[in-house]
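So the structure is just underneath, and the comments pick up after that.
The values are calculated or read from the model by the stated rules, or taken from the named source; none is laboratory data. Every value quoted in this text rests on a predicted model; they were computed, and no experiment measured them. All Cβ positions, glycine included, derive from the backbone under ideal geometry; neighbour counts span all protein chains shown.
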Amino acid sequence: MEPTVQKIWNGMIPIELQLAAADAIELLASAVLPEPFQTFYMLVPRVGYLPFTTARIKEQWLDPMLEMSGSRTQNVKETEFWFEYNKQPLKWHYPVGLLYDMLVREPELPWSLTLHVRKYPTPKLIPSPSIQSMRDMFMAMIKEADFIRNGSTKRVMDLAKSDQMQLLDGLQDHSFEKYFAIHSIIVPASKGAKTKSLKAVPLRFYMASGGQEDSAKEAPDISQFHVSQFPVPLTKEGSTDLLVLADAFRVCYEIDQSGDAFVTNCACICQGVSIPWETPISWLVDNFFYADCFLHLVVLNTVS
């Protein structure tokens, strides 16, 4: 396994959680949390998902706080948890690293989030963010990536039930060994034959729309991001020349060469790294993929 892949897998985001004041008042009859429960800190994998943190949050933070305060811990259900940043509900089915790259313009470590345990915003978020729901959604993404790569979902569907469970456990437990033992079956090493066997690259671009691209300093609104997905090949049509990141962007957004000024004024972020536009897609798909086998690429304006 290439060192870059393990470094990407090991990427973490420190998170500082505060309980929403309205929820604190309802649970504890006070907006001020007792010592030492004012905040909760945790390290979350960039490739992981927020529902995988809720059991830890409840067991290590909310339950002890409620027990000390004489409140009923049964009043707090993990499937009603939701997270907020800058008054924006966070999509729980997006990888944590992708959320951070979309919403944080200046480095913010720890990343300060608000936890809500009441009034789930169903119109804005998919309901019932349970661990099982996250595992099911992740498997759907893995199958989609497999179809884009190979034209079928055979590699994933042929996995034994025990292998599927190991893949999911590796993701949930953030175990490099568990996860990549199965990932190597789904995405075997190319050994130089990749351009012949791979039909397309699973990737998505996330670009701020609705005028937000006009300001490099304005805090993004997650609801205003335009998501573009298109089956991008590794090589240029009728050629063996490798596609680079800028080519993939033009394909997804149907921009011709005259649109290069637009690309020049934007940065593309993946896994917290600003990726040069001339980077070959083949290298990115080998090294910077998320656990769902997609490249999630955030395009941000760099002109103030």
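Taking the listed residues Arg118, Arg105, Arg155, Arg135, the one that is closer than 30 Å to Val201 by Cα and at pLDDT below 95 is Arg105, with no other qualifying.
Listed by first and then second residue, the pairs with beta-carbon distance under 9 Å, at least 6 apart or on different chains, first residue in the stretch 45-66 and assigned by TED's automatic domain parsing to the domain that holds Asp136, second in a helix (DSSP H, G or I), form an empty list. Residues that are closer than 24 Å to Gln38 by Cα and either free of Cβ contacts under 8 Å to residues at least 40 places away in the same chain or in a strand (DSSP E or B) (or both) within the stretch 100-118 comprise Val104, Pro107, Glu108, Trp111, Ser112, Leu113, Thr114, Leu115, His116, listed in sequence order. Within the stretch 135-164, no residue satisfies the criterion of being in contact with a helix residue (DSSP H, G or I) (Cβ under 8 Å, 6 or more places away or on another chain) and either in the same structural domain as Thr53 (by TED's automatic domain parsing) or on the phi > 0 side of the Ramachandran plot (or both).
Looking at Arg149, Arg155, just one residue is touching a Pro at 6+ places or on another chain (Cβ under 8 Å), farther than 26 Å from Ser223 by Cβ and of a type outside the set (S, T, N, Q), and that residue is Arg149. Within the stretch 24-67, if we keep just the residues that are closer than 29 Å to Met141 by Cβ, out of contact with any strand residue (DSSP E or B) (no Cβ under 8 Å at 6 or more places or on another chain) and of a type in the set (Val, Ile, Thr), the residue that is surrounded by the fewest Cβ atoms within 10 Å (Cβ to Cβ) turns out to be Val47. Selection of the stretch 135-188 for residues being among the basic types (Lys, Arg) and exposed (fewer than 15 other Cβ atoms within 10 Å of the Cβ) yields Lys154, Lys161.
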